[in-house]
Amino acid sequence: MTTSGTLQRIKSIDTVRGAIIVIMALDHVRDFFHVFAFTGDPTDVQTTTGILFFTRWITHFCAPTFMLLSGLSAFLSGQNKSVAETSSFLIKRGFWLIFVEITFMTFAFSFDITFKTIFLAVLWALGTSMIVLGIFVRLASPKVILAIGLILIFGHNLLDYVKLVENSAPDIILRIFMTGRGTFIPRGDGGSLAFLYVILPWSGIMMAGYGLGTFYQKGFPQEKRRKILLITGVALTVLFLVLRLMNGYGDPAPWAAQKEGLRTFLSFFNVSKYPPSLLFTLMTQGPILIILSFTENASGKLARIFTVYGRVPFFFFMVHFYVIHILTMIAVLSSNYTWEQATDDKLFFKFRPFEFGYDLGIVYLIWILIVAALYFPCKWFGEYRARKRTWWLSYL
């Protein structure tokens with residue numbers, strides 16, 4: 001396999017990751033700018049609309065794909081390192097991401113200088129998953145890590161049937177690691193820790209991505225890899241449809257026939273992200289493997305644009321949250337809200353009153369403008385990191 005082929009494979013991963021990041025930003029813009037973001041549920045099939053449901057549903061692909069590709073990238077970066085070096089880097093980067101989540105990202109969410117609520121969300125899941133992966137890299141081969149990841153993905157919904165004493169220590173531990181839809185733990189200072197993402201189901205997806213990296217090794221035939229990705233992606237998608245139709249194992253929320261055909265359709269695809277159920281993972285990662293197969297040699301203008309974002313996912317993630325929240329603050333204070341109203345202690349996020357917001361069309365426009373505005377900063381940072389290649393930049 002030529003060097004150019006290796007670079008092309010990495011580029012295809014960055015292209016898909018970039019597309020996912022752009023879609024992710026839509027969900028975060030919706031959280032801050034949509035009028036019903038804090039007073040309604042876009043996945044409530046009884047009250048939602050088709051376009052609102054889709055706006056939330058399409059972003060379901062983001063977190064699991066980012067976990068999968070992070071595992072894949074960890075395998076590829078480890079090809080030039082020893083097992084010990086790879087493990088050490090993953091563990092250190094995992095703790096770094098958790099630190100960033102607790103500090104910079106919690107403030108980005110809330111703009112609350114008291115840190116009344118510490119949010120443990122995407123970077124928490126990514127960091128803890130890297131720590132878990134880093135430990136297993138020392139202990140097992142990529143094939144074994146893949147197998148363990150698949151066991152977690154396919155088996156963790158068995159714990160949905162385990163009933164423990166509510167808020168007991170075992171119950172809290174089980175919720176944080178495996179089953180929680182959102183676990184709030186009081187702190188001694190009157191604040192709380194919000195565990196919004198569980199640990200091991202997300203770790204399973206990253207571990208599966210690490211195992212997937214074996215198909216991207218130097219010398220692995222490109223056409224064979226593309227065929228494997230395509231067949232596996234189709235199989236996972238079909239398995240999702242079959243299991244969902246059976247309406248049994250794989251998701252704690254079964255679908256049900258509704259009064260309208262559209263709402264029945266929405267109910268069918270309304271699977272659980274918190275935590276990521278088996279059906280959620282199959283629904284999102286089957287199509288992603290198919291897309292990875294078809295974008296292997298993508299080189300069009302859109303692919304090049306997505307690649308700019310995909311090369312600097314951490315940079316984009318950090319910056320776009322602050323941009324969104326600052327723009328929200330400006331919009332709120334320009335909309336006849338007083339400072340006291342905008343910073344009320346009852347607000348989940350400061351400068352985001354519950355009744356504030358715009359129609360979905362405006363939300364889409366704001367999303368496009370924010371993504372476009374960050375293109376050149378992301379391009380600059382990507383080029384800067386490629387030139388410098390200093391050790392600390394590998395953590396960003």
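Scanning residues 5 or more positions from residue 191 or on other chains, none has an amide H under 5 Å from its amide H, with H placed 1.01 Å from N in the peptide plane. Couplings for segment 281-286, taken from phi via the Karplus curve 6.51 cos²θ - 1.76 cosθ + 1.60 with θ = phi - 60°, read 5, 5, 4, 8, 7, x Hz in order; Gly and Pro are left as x. Neighbours of residue 328 by Cβ distance under 13 Å: Lys/Arg scored +1, Asp/Glu scored -1, total +2. For segment 96-150, the C-alpha radius of gyration sits at 1.49 times the compact-globule guess of 2.2 N^0.38 Å, with N the residue count. Among the trypsin sites (Lys or Arg not before Pro) within segment 244-307, those in coil by DSSP and having at most 13 neighbouring Cβ atoms inside 10 Å are 259.
Calculated FRET efficiency, residue 376 and residue 354, Cβ-Cβ r, R0 25 Å, to nearest 0.05? Present the calculation step by step, with values, prior to reporting the outcome.
On the way: r = 35 Å, r/R0 = 1.39.
The pair residue 376/residue 354 has a calculated efficiency of 0.10.
When the square roots of the Cα gyration tensor eigenvalues are ordered a ≥ b ≥ c, the ratio a/c for segment 307-372 is 1.5 or more and a/b exceeds b/c, which makes its shape prolate. Checking every one of the GluC sites (Glu not before Pro) in segment 214-317 against DSSP loop status and a limit of 14 other Cβ atoms within 10 Å picks out 260. A cut-off of 5 Å between modelled amide H atoms, ignoring neighbours fewer than 5 places along the same chain, links residue 34 with 358. Which shape class applies to segment 243-393: rounded if a/c is under 1.5, otherwise prolate when a/b exceeds b/c and oblate if not, where a ≥ b ≥ c are the square roots of the Cα gyration tensor eigenvalues? It is oblate, given that a/c is not under 1.5 and a/b is not larger than b/c.
Between residue 385 and residue 165, the FRET efficiency from the beta-carbon distance, with R0 = 51 Å, is close to 0.55. Prolate is the label for segment 19-159, because the ratio a/c of its alpha-carbon gyration tensor axes (a ≥ b ≥ c) is 1.5 or higher and a/b is greater than b/c. Listed values for segment 64-70 are Karplus-derived 3J(HN,Hα) couplings in whole Hz (6.51 cos²θ - 1.76 cosθ + 1.60, θ = phi - 60°), namely x, 5, 5, 5, 4, 6, 5, and x replaces Gly and Pro.
Considering helices alone, the calculated mean residue ellipticity of the chain at 222 nm is -20000 deg cm²/dmol, with DSSP H runs of length four and up weighted by -39500 (n - 2.57) and normalised per residue.
For segment 14-101, trypsin sites (Lys or Arg not before Pro) meeting the loop criterion (DSSP other than H, G, I, E, B) and having at most 15 other Cβ atoms within 10 Å: 81. Label sites at residue 184 and residue 365, each approximated as a point 7 angstrom past Cα along Cα to Cβ, lie 3.5 nm apart. Say the cut-off is 25 Å between C-alpha atoms; which of 11/379; 11/224; 227/388 go over it? Long pairs (Cα-Cα over 25 Å): 227/388. Of all DSSP beta bridges confined to the chain, the antiparallel ones make up roughly 45%.
Expressed as a whole percent, the proportion of Cα-Cα pairs in segment 153-285 lying more than 27 Å apart is 36%. Inter-part distance, segment 331-358 to segment 72-115, computed on C-alpha centroids, equals 32 Å. Remark: the chain carries a charge dipole of roughly 1680 debye about the Cα centre, counting +1 on each Lys and Arg Cβ and -1 on each Asp and Glu Cβ.
Calculation over all alpha carbon pairs of segment 46-103 in 10 angstrom steps from 0 returns a P(r) of 19, 32, 25, 16, 8, 1 percent.
As a calculated quantity, the FRET efficiency between residue 262 and residue 241 at R0 = 25 Å, using C-beta atoms, amounts to about 0.85. Out of (i) 20.4; (ii) 23.7; (iii) 17.7, which label holds the value of mean projected area of the Cα convex hull in nm² that was computed here? The calculated read-out lines up with (i). Using 0.36 nm per residue and subtracting the Cα-Cα separation, the extra length available between residue 227 and residue 103 on full extension is 40.3 nm.
No lab work stands behind these numbers, since they all come straight from the coordinates. Please read all numbers here as calculations on a predicted model, not as lab measurements. Cβ sites come from the backbone with ideal geometry, for glycine too, and all protein chains shown count toward neighbours.
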